[in-house]
Amino acid sequence: MSPKKTTKITGGVCAVSAIIAIVLSMDTGLRINQAGLELIGNAESCRRDPYMCPARVLTVGIGSTGKVQNRRYTDEEIAEMWVKDLRDAEKCINDKFKGSEMSVNAFSAMTSAAFNVGCGGLMTYVNKEKKRVPTTIWKKAQARDWKGMCERLPDFNKAGGVELKGLTIRRTKEMELCTKS
């Protein structure tokens, strides 16, 4: 399917596999591999109609939150928004976590985590003394301890201080991809 074609819009749910196929057919310059795209897409799912995510943010497509309008989106629009979001996540991993030195699997897993948690949330947290301090995953990346970095992904399985089963599953999958040769 050409990214320039307009897809007939049916129903409020879109197929993650169709969006991945569009993204893979585009000249995006993204480094994330297909396994990383599938991990994110399957964890986020795909919706054509805007909805409020658990963090109370208006969301559409595959987890896109930027400039969401109250209307139904096409597969091509969803793919374009996702590519922009993926670029932001990749920039975080490249700039803050030495992403260019990681294996493609580690890079893809970390991109998934940055996509979900946000760059700032992956880098720092507020400790008991109410001070913002670096995360262990960030310290491991700075030390180029890629295995140690990957093993810290499960640390990010909470939302609002509450452990969520979906995040626990996602982080386990990210850790598995991250440590895969």
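The values are calculated or read from the model by the stated rules, or taken from the named source; none is laboratory data. These numbers come from a predicted model, not from an experiment. Neighbour counts are summed over all protein chains in view; Cβ atoms, including those assigned to glycine, are modelled from backbone coordinates with ideal geometry. Quick note on the areas: whole protein, heavy atoms, side chains included, nothing else; ligands and nucleic acids left out. Shrake-Rupley method; radii C 1.70, N 1.55, O 1.52, S 1.80 Å.
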- Task: Take every Cα pair under 8 Å in segment 1-143 that's 6+ residues apart, average their separations, divide by the length, and report that relative contact order as a whole percent.
- Result: 23
- Query: Too long at a 19 Å Cα-Cα cut-off: which of K96/K147; K91/K131; K98/K139; K140/K165; K96/K140?
  - Reply: K91/K131; K140/K165
- segment 37-82: relative contact order as a whole-number percent, Cα under 8 Å and 6+ apart: 34
- Message: Once ligands and nucleic acids are excluded and a 1.4 Å probe is used, how much of Y73 is accessible, expressed in Å² to the nearest 10?
- Response: 10
- Extreme residue, positive dipole direction of segment 1-116, given options Y73, I20, A109 (C-beta unit charges): Y73
- Message: For W138, what accessible surface area do you get with a 1.4 Å probe? Give it in Å², rounded to 10.
- Response: 70
- Task: Output the lone cysteines of the chain: those with no second cysteine's C-beta under 4.7 Å from their C-beta.
- Result: C53
- Karplus ³J(HN,Hα) for segment 15-24 (6.51 cos²θ - 1.76 cosθ + 1.60, θ = phi - 60°; Hz, whole; x = Gly/Pro) runs 8, 4, 4, 5, 5, 4, 4, 5, 4, 5
- Measure off 7 Å from each Cα along the Cα-to-Cβ vector at R132 and K67, then give the distance between these two points in nanometres to one decimal. 2.6
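Kindly identify segment 42-181 as rounded, prolate or oblate by the Cα gyration tensor criterion: order the square roots of the eigenvalues as a ≥ b ≥ c, call it rounded if a/c is under 1.5, otherwise compare a/b with b/c, prolate if a/b is larger, else oblate.
prolate
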- Task: Roll a 1.4 angstrom probe over the protein heavy atoms and tell me the percent of accessible area of the chain that is carbon or sulfur.
- Result: 52
- K91-V162 pseudo-label distance in nm [points 7 Å out on the Cα-to-Cβ vector]: 3.3
- Item | Eligible aspartates and glutamates near K180 by straight Cα distance, threshold 14 Å, same-chain separation 8 or greater | E151
